[in-house]
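Just below is one structure, and these are the notes that go with it.
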């Protein structure tokens, strides 16, 4: 395929785009349990308008587009408050959970190196239910992941097993809030104590559940603390393009202090171009996702999110109750998030 000799009419292009989508998931029908997280037509319209206004704004240089810095600061502040962080907390807006996780892993590796480093390959200890992005980060950063099995009854990692895996090369511990599939929170408080005892970095991956769990707790769900209220937690990843209902390309990685974030940064001036100072993986990037996330969070507000959470929690429990009443199928565990994992009790699938 080549660039066309002459331009194509916009209407024809849009028709072709619609034709291309014919075999895509028809998520608006209500049968999609992932990929797209939708808070209604009004929130979608707000996101589109905010995105379009910042479509051509480049987040590369805050001195050229200072409004981008302000938007990121305000989004990070809202997320810090939501995660019970103190006034010293800082955060960065990223393109998604994988980038958020990668930056946290990089920061932990750098912090360990600053303290003298490890004799071998830096290791990350994580539950087998933790997101594959940690393995991707380790692959990119020259590190090693040590996966720990979870308990079948709870689908949570056993802290004693994590403790047994700690060695001189360990630089990071990981817990999920919640895990993918089972939808449960790992024992973060106990992991925090373990991290403090060994002077290790504890990262909580809240990409799927971090935004919504605080609302479920307010509705009476028995979900333990997972955020910065736990002293041993160093960083938390949380996607805004999942249950924050922002368009894709919106996540944050939050740190307890600016010192924790220091090793996430990259700066370089030893070339003939401009000085590069990046606090995320990307350099040039559209301000659209950031503006849309900022707008959706403020449009829905705390009351709007709580109302959505109530519907989600009711639906989750209704589905779980239905599964438990069926023959031949059972829940792996009662979830603490709107993620449901079931298995057959009679057929090997």
Checklist entry - Which condition does residue 127 not pass, out of (1) crowded, with 20+ Cβ neighbours inside 10 Å; (2) more than 30 Å from residue 182 (Cβ to Cβ), if it passes all the others? => result (2)
Checklist entry - Does the stretch 257-264 contain any residue that is out of contact with any helix residue (DSSP H, G or I) (no Cβ under 9 Å at 6 or more places or on another chain), surrounded by 13 or more Cβ atoms within 10 Å (Cβ to Cβ) and within 30 Å of residue 193 (Cα to Cα)? => result yes
Item to check | Residue satisfying condition, being surrounded by fewer than 22 Cβ atoms within 10 Å (Cβ to Cβ), under 21 Å from residue 256 (Cα atoms) and touching a helix residue (DSSP H, G or I) at 6+ places or on another chain (Cβ under 9 Å), within set 210, 142, 110 | outcome: 110
Item to check | Residues of the stretch 185-212 that turn out to be in a loop (DSSP other than H, G, I, E, B) and either modelled with pLDDT under 95 or within 15 Å of the chain's Cα centre (by Cα) (or both), as a count | outcome: 8
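Looking at the stretch 56-72, which of its residues are exposed (fewer than 13 other Cβ atoms within 10 Å of the Cβ) and touching a strand residue (DSSP E or B) at 6+ places or on another chain (Cβ under 8 Å)?
56, 64
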Checklist outcome for this item: Counted residues in the stretch 1-40 being under 30 Å from the mean Cα position of the chain (by Cα) and in a loop (DSSP other than H, G, I, E, B) come to 14
Item to check | Positions within the stretch 232-251 being part of a loop (DSSP other than H, G, I, E, B) and farther than 24 Å from residue 310 by Cβ, in sequence order | outcome: 232, 248, 249
Checklist entry - Would you say residue 41 is touching a residue at least 60 places away in the same chain (Cβ under 8 Å), out of contact with any strand residue (DSSP E or B) (no Cβ under 8 Å at 6 or more places or on another chain) and within 30 Å of residue 213 (Cα to Cα)? => result no
Checklist entry - surrounded by 10 or more Cβ atoms within 10 Å (Cβ to Cβ), under 21 Å from the mean Cα position of the chain (by Cα) and touching a residue at least 12 places away in the same chain (Cβ under 8 Å), is that true of residue 50? => result no
Checklist entry - For the stretch 284-307, which residues satisfy the criterion of being part of a loop (DSSP other than H, G, I, E, B) and either at pLDDT below 95 or exposed (fewer than 13 other Cβ atoms within 10 Å of the Cβ) (or both)? => result 284
Checklist entry - residue 35 is checked against (1) farther than 29 Å from residue 309 by Cα; (2) in contact with a helix residue (DSSP H, G or I) (Cβ under 9 Å, 6 or more places away or on another chain); (3) loosely packed, with under 14 Cβ neighbours inside 10 Å and fails just one. What number does that condition carry? => result (1)
Item to check | Residue that is surrounded by the most Cβ atoms within 10 Å (Cβ to Cβ), among those in the stretch 167-196 that are touching a helix residue (DSSP H, G or I) at 6+ places or on another chain (Cβ under 8 Å) and over 18 Å from residue 211 (Cβ atoms) | outcome: 173
Checklist entry - Which members of the stretch 244-256 meet the condition of being surrounded by fewer than 24 Cβ atoms within 10 Å (Cβ to Cβ) and within 14 Å of residue 207 (Cα to Cα)? => result 248, 249
Next on the checklist: Among the numbered criteria (1) in contact (Cβ under 8 Å) with a residue 24 or more places away in the chain; (2) surrounded by fewer than 24 Cβ atoms within 10 Å (Cβ to Cβ); (3) within 24 Å of residue 316 (Cβ to Cβ), which one does residue 152 miss?
Outcome noted: (1)
Checklist entry - Within the stretch 213-231, can you find the residues that are in a loop (DSSP other than H, G, I, E, B) and crowded, with 24+ Cβ neighbours inside 10 Å? => result 226
Checklist entry - How about the stretch 308-338: which of its residues are in contact with a helix residue (DSSP H, G or I) (Cβ under 9 Å, 6 or more places away or on another chain) and either exposed (fewer than 13 other Cβ atoms within 10 Å of the Cβ) or assigned to a loop (DSSP other than H, G, I, E, B) (or both)? => result 334, 335, 336, 337, 338
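Determine whether residue 272 is touching a strand residue (DSSP E or B) at 6+ places or on another chain (Cβ under 6 Å) and not in a helix (DSSP H, G or I).
So residue 272 fails the test.
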Checklist outcome for this item: Residues of the stretch 195-227 being more than 23 Å from residue 47 (Cβ to Cβ) and in contact with a strand residue (DSSP E or B) (Cβ under 7 Å, 6 or more places away or on another chain), in sequence order, are 195, 200, 201, 202, 203, 204, 205, 226, 227
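The values are calculated or read from the model by the stated rules, or taken from the named source; none is laboratory data. This one's a predicted model, so the numbers in the text were calculated from it and none came from an experiment. Glycine also receives a Cβ, built like all others from the backbone with ideal geometry; neighbour counts cover every protein chain displayed.
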